[in-house]
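Following: one structure in structure tokens, then a few remarks.
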Amino acid sequence: MSHNIVLLPGDGIGAEVIYAAKDVLEAISKKYNRTFRFSSYDIGGVAIDQHGTPLPDETVEACKQADAVLLGAVGGPKWDNNPSDLRPERGLLGIRKALDLYANLRPVKGFPKLLHASPLKEEIIQGSDLLIVRELTGGLYFGQPSERIDNGNAVVDTLSYTKKEMERIIDKAFQSATLRNNHLTSVDKANVLESSKLWREIVEAKKAEYPDVTVDHVLVDAAAMKLITNPTQFDVIVTENMFGDILSDEASVLTGSLGMLPSASLAEDGVGLYEPAHGSAPDIAGQGIANPIAMILSSAMMLRYSFDMNQEADAIEVAVESVLNQNYHTADLKNEQGALVNTSEMTDLIVKAINR
Ligand code: ATP
Ligand code: MG
């Protein structure tokens, strides 16, 4: 059985790191006798230049037909002054919508060799390894009405969710917990919000389907504090859209560099999209020095969540950690000792570690 992977390199370092992930996947395919077929399509600024739109129809069609999508990053100063429908970011929002991606999974891991790169105390972040599961399609971002009222003297935003939207993300989080350490923390504001009261009821009801999973409820304000005072108490965190947006940026501080953070966005039965949490990094684009690890770890998530290849995903993660443990680092991972390497050198080291 072959797996059809669509690559959307995009702009800036997106196009540099995506080929690093492809090299790593090719090493996995040889070692584990798996067949991956790759094809590349345009999105973002390059698509504006080539096709006059940030999201060409052929890109959407190819993604819908794919088994999984890997995306680099979009955007750059060249298109910053474009009108809003010709902005690279429109391509990203458009593809998320076209694929109906409702679950955003962000693992955050404090790698032992990178503890010094975080502004937080090493003894606090040591051993931190958690997964944030964020709802992506509902809540304050999309609730109607959202407008100025009363002649501009008042405003309204609406936090709205259907029960079905809550159930599917909560179920995904329970499933994710079973793939890790069977510990789920549900984050809400149930002391104030009606939406959070329903959320909590659904989490409680779901427990029956996942008897091995231990569940805690934490209020979002307390969760924000605990994330940076005692992050090791968390394994999987599940929360609604806005809380997840804020907490996942906060949690990224644990890792030391944006260049280390992968993400997955999943649909109900359809195709998953995997991308690094970082952007196109115009300041270092074209220099070949970007850290490819966020993109490479995103491809490991693809193997785990879209293809059920847990052994192969583990092999990538173990390889990344072993290269870091040998003190190799890219420029973003300030490290006085050890060897500074560029994008392709880091990629080759990870490929070699996989082949060992
Ligand atoms: P976007 O709006 O597209 O999310 P951003 O403003 O969040 O972009 P990034 O493009 O993510 O910004 O870059 C933020 C900073 O982090 C830049 O200085 C960039 O060089 C650095 N950076 C981001 N990703 C990497 C990476 N993979 N390797 C090295 N440095 C990176
Ligand atoms: Mg950003």
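Details
- Residues satisfying the stated conditions in segment 112-153, i.e. within 22 Å of ARG96 (Cα to Cα) and either surrounded by fewer than 18 Cβ atoms within 10 Å (Cβ to Cβ) or among the aromatic types (Phe, Trp, Tyr) (or both): LEU140, TYR141, PHE142, GLY143, GLN144, SER146
- Residue in segment 284-299 that is nearest to GLY44 (Cα to Cα), counting only those that are small (Gly, Ala, Ser) and in a loop (DSSP other than H, G, I, E, B): ALA285
- Residue in segment 237-245 that is buried (at least 22 other Cβ atoms within 10 Å of the Cβ), more than 17 Å from the chain's Cα centre (by Cα) and within 26 Å of ILE202 (Cα to Cα) present: no
For every residue, the table says whether it meets (1) of a type outside the set (A, V, I, L, M, F, W, C); (2) in contact (Cβ under 8 Å) with a residue 24 or more places away in the chain.
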residue: SER40; (1), (2): yes, yes
residue: ALA47; (1), (2): no, yes
residue: CYS63; (1), (2): no, yes
residue: LEU70; (1), (2): no, yes
residue: PRO83; (1), (2): yes, no
residue: LEU86; (1), (2): no, yes
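- Note on segment 1-118: enclosed strands (runs of 3 or more DSSP E) holding 2 or more residues that are within 18 Å of the chain's Cα centre (by Cα), among the aliphatic types (A, V, I, L, M) and on the phi < 0 side of the Ramachandran plot are 2-10, 68-73, 103-109.
- Residue ID - surrounded by the fewest Cβ atoms within 10 Å (Cβ to Cβ), chosen from residues in segment 41-61 that are closer than 19 Å to ILE13 by Cβ and in contact with a strand residue (DSSP E or B) (Cβ under 9 Å, 6 or more places away or on another chain): TYR41
- Qualifying residue in segment 284-300 (condition: of a type outside the set (Lys, Arg), more than 16 Å from ligand 2 (Cβ to nearest atom) and modelled with pLDDT under 95): no
- The set of residues in segment 288-306 being closer than 18 Å to ILE13 by Cβ and more than 10 Å from ligand 1 (Cβ to nearest atom) consists of GLY288, ILE296, LEU297, SER298, SER299.
- Residues that are in contact with a Leu (Cβ under 9 Å, 6 or more places away or on another chain) and within 18 Å of ASN241 (Cα to Cα) are absent from segment 206-217 altogether.
- Inside segment 262-283, residues that are within 14 Å of ligand 2 (Cβ to nearest atom), modelled with pLDDT of 95 or more and part of a loop (DSSP other than H, G, I, E, B) make up a count of 4.
- Any chance LEU105 is surrounded by 14 or more Cβ atoms within 10 Å (Cβ to Cβ) and in contact (Cβ under 8 Å) with a residue 60 or more places away in the chain: yes
- Selection of helices (runs of 4 or more DSSP H) fully inside segment 153-250 by the criterion of at least 1 residues being farther than 23 Å from GLU268 by Cα returns 194-206, 220-229.
- When ARG148 is tested against the conditions (1) modelled with pLDDT of 95 or more; (2) under 27 Å from SER265 (Cβ atoms), the lone failure is (2).
The values are calculated or read from the model by the stated rules, or taken from the named source; none is laboratory data. Note that this is a predicted model, so its numbers are computed, not measured. Reconstructed Cβ throughout: ideal geometry from the backbone, glycine too, with neighbour counts over all protein chains shown.
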